[in-house]
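Worksheet: one structure, shown below.
The values are calculated or read from the model by the stated rules, or taken from the named source; none is laboratory data. Only a predicted model underlies this, so the values are computations on that prediction, with no experimental measurement involved. Quick reminder, even Gly has a Cβ in these numbers, built from the backbone with ideal geometry, and neighbours come from all protein chains shown. Side chains are part of the model used for accessible areas, which takes the heavy atoms of the whole protein and leaves out ligands, DNA and RNA. Shrake-Rupley method; radii C 1.70, N 1.55, O 1.52, S 1.80 Å.
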Amino acid sequence: MSVEVDVLLQEAKESIEAAQNYRSELQQRLHGLNQARKQVRGSSGQAREALRRHFAELQAAATRLLTERLTTLLAEVDTIEADSIRPLDDCQSLIEHGVGQADELLREGEAALRCGLGEKEDKLGSFTKKAMHIQLDSLPEVPALVDVPSVSAQLDDSLLGLLRDRVSRHGSVSSHPPVQIEELQERPGSIFVRWCKVDEDFAAADYRLQYRRSGSGGSQYEDAYIGRDCEFLVLHLDPHIDYLFRVCARGEGRTEWSPWSIPQTGYTTLAPHEWRSGTEGYILSSRRNIALRNDSSQSRCPVLYSNAPTYFCGQTLTFKISAAGQMDRRDGLGVCIGSDREGESLQRDQAVCISTNGAVYVNGKEMTNQLPAVTVGSAVTFDMEVVNLFPVSNNNLSDGGNFKLRVTIGSGNREVVFDWLVDQAVDCLFFGCCFVHSGWKVLVF
């Protein structure tokens, strides 16, 4: 086979491979286009249904309110009418009774005048006594029209104008939510979520973050955070499980929340930080991420280590203090290389820690710089990055070598930064805590 044929074959193979890649890329774009169309169709249908349902509820509520108000006003008219007619009826009964008496008296008077002379004196005497008894000069008082109610209804025609104005501005339709999730970072047993505004004209007062397991039909979104920050660490997540996250915002001076952002899927492959069970003097939560010092010993300060070296350089390790006991200079929160050393303190070689009084210890030696004392609500953070003093063969950490770790410890609004020299190459460490007195409660994440 000639060289020219080989060249042509090679060009044909390359063209076929390029065509396959081109087709694959186009198919991926078609899939993305179908997803976009599905999102537009689906969200439009959901918006229509939400509008119909909302306005149907408004119509029903408005009809109910108007009917209730009409019933109340009609009841007031009925009450006024009944209270006003009752004395008029009483007066009418009194007058009709008087008319009846007058008719009877007239008949007797006329009969007395027509009777014979023998009976006339008796008849006229009886008639005169009866007339005096009836008191023909006493008449009941009939109220004037100005003194009796004239019921009317006062209706404010401006209500319809106000209602028309409010209805014309009620509700809105947007093509994009004002906030979107910007970043999802995996953390041990958790996911760090960051979001941002995409509508610069929207003045946000609060944000609301929700999450749920992906693919769970019965799983409902639950609130993870409500506040002004644009980032949050969602804790207590199971590794290798997909979770859906969404965020919305509430405008300044508004009570309603904006539309939700497009849900984003995140997951963590990192096992959660856990305290080691079975350590005397400590009680752990069901997830083993909270430890409570439950007894005191003036002579002992047992160290509670992590269940495994789950802290990796480049991450942030946080100790959150939810309850505090009495301080002691031997107390400590920190990280270390190995957890099988004998001893009752983190203030030792191959460990860095902060005491509850704010003192910082590196390999057992106290630093000059000091942080604020640890109290209820304190969050102590550790950040580390590897700084290689001497090259390590094949860039393999397990081969050993002289290393130093650049450590940043933060507490309150202050932090200290220093280099920690270790005698072996490490990329993951244990963490631990130790307290002399009971009452200390620590969440690690």
Of all residues in the range 330-346 being closer than 21 Å to residue 439 by Cα, modelled with pLDDT of 90 or more and of a type outside the set (A, V, I, L, M), which is most open to solvent (accessible area, probe 1.4 Å)? 330
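How many residues does the range 210-240 hold that are surrounded by fewer than 13 Cβ atoms within 10 Å (Cβ to Cβ) and within 19 Å of residue 186 (Cβ to Cβ)? Spell out how you get there, then give the answer.
Our first condition is that a residue be surrounded by fewer than 13 Cβ atoms within 10 Å (Cβ to Cβ); within the range 210-240, this holds for 215-218, 220, 222-223, 227-229, 236, 238, 240.
Checking the rest, the ones that are also within 19 Å of residue 186 (Cβ to Cβ) come to 215, 236, 238, 240.
Residues that pass the stated criteria total 4.
Does residue 188 fit the bill of being of a type outside the set (S, T, N, Q), in contact with a His (Cβ under 8 Å, 6 or more places away or on another chain) and open to solvent by less than 100 Å² (accessible area, probe 1.4 Å)?
Numbers: of a type outside the set (S, T, N, Q): yes; in contact with a His (Cβ under 8 Å, 6 or more places away or on another chain): yes; open to solvent by less than 100 Å² (accessible area, probe 1.4 Å): yes.
Yes.
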Kindly provide the set of residues from the range 158-167 that are open to solvent by less than 90 Å² (accessible area, probe 1.4 Å) and either assigned by the TED database to the domain that holds residue 77 or not charged (D, E, K, R) (or both), ordered by number. 158, 161, 167
Pick from the range 117-157, criterion of a type in the set (D, E, K, R), more than 60 Å from the chain's Cα centre (by Cα) and open to solvent by 100 Å² or more (accessible area, probe 1.4 Å), ranking: modelled with the lowest pLDDT: 137
Out of 68, 108, 81, 104, sole residue that is surrounded by 12 or more Cβ atoms within 10 Å (Cβ to Cβ), closer than 23 Å to residue 152 by Cα and of a type in the set (Asp, Glu): 81
Test residue 57 against the stated conditions and say whether it is among the acidic types (Asp, Glu), surrounded by 11 or more Cβ atoms within 10 Å (Cβ to Cβ) and either within 60 Å of the chain's Cα centre (by Cα) or assigned by the TED database to the domain that holds residue 259 (or both). no
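It is to be established whether one or more residues within the range 29-39 are closer than 30 Å to residue 167 by Cα and open to solvent by 60 Å² or more (accessible area, probe 1.4 Å).
Pass one, the range 29-39, residues closer than 30 Å to residue 167 by Cα: 39.
From the residues that got through so far, the ones that are open to solvent by 60 Å² or more (accessible area, probe 1.4 Å) too are 39.
Scanning the range 29-39, I find at least one residue that is closer than 30 Å to residue 167 by Cα and open to solvent by 60 Å² or more (accessible area, probe 1.4 Å), so the answer is yes.
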Residues of the range 275-300 that turn out to be modelled with pLDDT of 90 or more, among the hydroxyl-bearing types (Ser, Thr, Tyr) and surrounded by 13 or more Cβ atoms within 10 Å (Cβ to Cβ), as a count: 2
Considering only the range 245-257, I want to know if a residue exists there that is free of Cβ contacts under 8 Å to residues at least 40 places away in the same chain, farther than 22 Å from residue 335 by Cβ and outside the structural domain of residue 50 (by the TED database). yes
The one condition in (1) modelled with pLDDT under 90; (2) open to solvent by 80 Å² or more (accessible area, probe 1.4 Å) that residue 388 fails to fulfil: (2)
So which residues in the range 295-338 are hydroxyl-bearing (Ser, Thr, Tyr) and under 34 Å from the mean Cα position of the chain (by Cα), if there are any at all? 306, 310, 311, 316, 318, 322
Restricted to the range 259-274, and to residues that are within 28 Å of residue 50 (Cα to Cα) and among the hydrophobic types (A, V, I, L, M, F, W, C), which residue is surrounded by the fewest Cβ atoms within 10 Å (Cβ to Cβ)? 262
